[in-house]
1. Looking at ARG229 and the list (1) within 15 Å of ligand 1 (Cβ to nearest atom); (2) open to solvent by 60 Å² or more (accessible area, probe 1.4 Å), which single condition is not satisfied?
2. Being away from ligand 1 (no atom under 11 Å from the Cβ), out of contact with any helix residue (DSSP H, G or I) (no Cβ under 8 Å at 6 or more places or on another chain) and within 22 Å of GLU323 (Cβ to Cβ) is the requirement here; does SER267 meet it?
3. Looking at this structure, is SER380 more than 30 Å from ALA58 (Cα to Cα) and within 16 Å of ligand 2 (Cβ to nearest atom)?
4. Against the definition (touching a Lys or Arg at 6+ places or on another chain (Cβ under 7 Å) and either of a type outside the set (Val, Ile, Thr) or at pLDDT 95 or above (or both)), how does VAL194 come out, yes or no?
5. Output the residue which, of all residues in region 101-114 that are touching a Lys or Arg at 6+ places or on another chain (Cβ under 7 Å) and surrounded by 15 or more Cβ atoms within 10 Å (Cβ to Cβ), is farthest from VAL166 (Cα to Cα).
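The values are calculated or read from the model by the stated rules, or taken from the named source; none is laboratory data. Everything quoted here is computed from the prediction, not taken from an experiment. Here the Cβ positions follow ideal geometry from the backbone for every residue, glycine too, while neighbour counts run over all protein chains shown. These area figures cover heavy atoms from the full protein model, side chains too; ligands, DNA and RNA do not enter into them. Shrake-Rupley method; radii C 1.70, N 1.55, O 1.52, S 1.80 Å.
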Amino acid sequence: MMLSVSCGAGAAGGKMAFVPTLSFADARACVIDRVTAARSIPGLDTVGLDCAAGRVLAREARADRDYPPLARSVRDGFAVRAADTPGQLTVAGEVRAGEIAASEVHAGEAIEIMTGAPVPSGADAIVMVEHVTRDGDRIDCPLAKQGQFINPQGCEARQDSVVIPVGKRLDYSTVAWLAAIGVTRAAVFRKPRVAILATGDEIVEPDQQPEPHQIRNSNVYSLAAQVARAGGEATILPVARDTRDLTRTGIELSLASDLLLLSGGVSAGKYDLVETVLAELGAEFFFDRVRIQPGQPLVFGRVQGKFFFGLPGNPASTMVTFELFARAALELLGGQSESSLFVTQATLSADFRHKPGLTRFLPAWLSSDGALTPVPWQGSGDVPALTRANAFLVATPDREEWKAGDLIQVLLK
Ligand code: AMP
Ligand code: MG
């Protein structure tokens, strides 16, 4: 199918019209573009620093003073004048972290200094204690370079400069920064509410004993975990059985949320009703197939102002398509300034081949020496194989073969 646009023309009004199939890159760009264009600024929460990690900053944070506020020693040793070195110097005093030196360093003098202490005036270098021989109040000092082992005032951040921008997802280092600049309560964006609706006549709950033709509902739990990890607030709805009415009721309930994740019912089968029901509810479809595996029959669109994903029901497809597409939508709706996929390269430990045409995301193990080994798997239903993986091997659609030792793309799990 030839397309001149990267992101679908869509369809609406109770009837499916033309909906495009996209490549992986075009589909991801489509999600990011559509959500970025349509999103509004989320509401605000205020949280203490002990609960701030994982939240998205809603007010830029500025440095309350220079960091460091004074030039600071980064070694235990002696504060000296570089021009006096090498040579014999007299130790004229001491300054420890938490103190200001009582006197300045005059010609021929050194002041003993501890890591973190402010550099006394007059000094322009620190000599490490290990590099000095001391005899009473005299030291034999090697050549010092001006500025060595000194962090100048303001070298980390200038007073009043923006140190954490709006839209940054906070992690342990940003939380530390907030504490350092005296922010005790952070303004963060409210978490997007995400409805998770599984469809299927064959689905029973995990606490039930399935008949041989039934299967336990695992997708809603993998999705809830992925939603939480991406900063959303998941609501798991009761499974919608494969009738138009029940699917419609489930989707209508989901509309109370900011984002809809619908699992199953998007393939070409007679009882795959999700797209039909969405169309009846007036949905626009941006794409309904992506040239990837797992997860080809993936639907993305908007219904009654809410973005939705129709994720294929096979568990690996559900998990992978969430990571590749829905996570970006969720992160952007949550006020993050950007959403990225951590794709890097690794060295294949064995030969690998696939049928070109699709971008494949296959379970793999990335070891600490950078070697990537595919995990044997039986296809999109193989959850146990995914539990043995810490990464996905990414096989691009335009290449058929890789040899052991070749670089190949890898997406961290
Ligand atoms: P579907 O996309 O609806 O055709 O579903 C494809 C297959 O995915 C089904 O046959 C089930 O084996 C599996 N599946 C669908 N929904 C779930 C679910 N909620 N939890 C676990 N597996 C599921
Ligand atoms: Mg189904």
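1. ARG229 satisfies all of (1) within 15 Å of ligand 1 (Cβ to nearest atom); (2) open to solvent by 60 Å² or more (accessible area, probe 1.4 Å) except (1).
2. On the way: away from ligand 1 (no atom under 11 Å from the Cβ): no; out of contact with any helix residue (DSSP H, G or I) (no Cβ under 8 Å at 6 or more places or on another chain): yes; within 22 Å of GLU323 (Cβ to Cβ): yes.
In short, no.
3. On the way: more than 30 Å from ALA58 (Cα to Cα): yes; within 16 Å of ligand 2 (Cβ to nearest atom): yes.
Spelling it out, SER380 is indeed more than 30 Å from ALA58 (Cα to Cα) and within 16 Å of ligand 2 (Cβ to nearest atom).
4. On the way: touching a Lys or Arg at 6+ places or on another chain (Cβ under 7 Å): no; either of a type outside the set (Val, Ile, Thr) or at pLDDT 95 or above (or both): yes.
So VAL194 fails the test.
5. VAL105
Table: residues versus (1) touching a residue at least 12 places away in the same chain (Cβ under 8 Å); (2) farther than 30 Å from SER257 by Cβ; (3) surrounded by 15 or more Cβ atoms within 10 Å (Cβ to Cβ).
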{"position": "VAL35", "(1), (2), (3)": "yes, no, yes"}
{"position": "GLY43", "(1), (2), (3)": "yes, no, no"}
{"position": "LEU49", "(1), (2), (3)": "yes, no, yes"}
{"position": "ALA58", "(1), (2), (3)": "yes, no, yes"}
{"position": "SER73", "(1), (2), (3)": "yes, yes, yes"}
{"position": "GLY77", "(1), (2), (3)": "yes, yes, yes"}
{"position": "LEU89", "(1), (2), (3)": "yes, yes, yes"}
{"position": "VAL95", "(1), (2), (3)": "yes, yes, yes"}
{"position": "GLU99", "(1), (2), (3)": "yes, yes, no"}
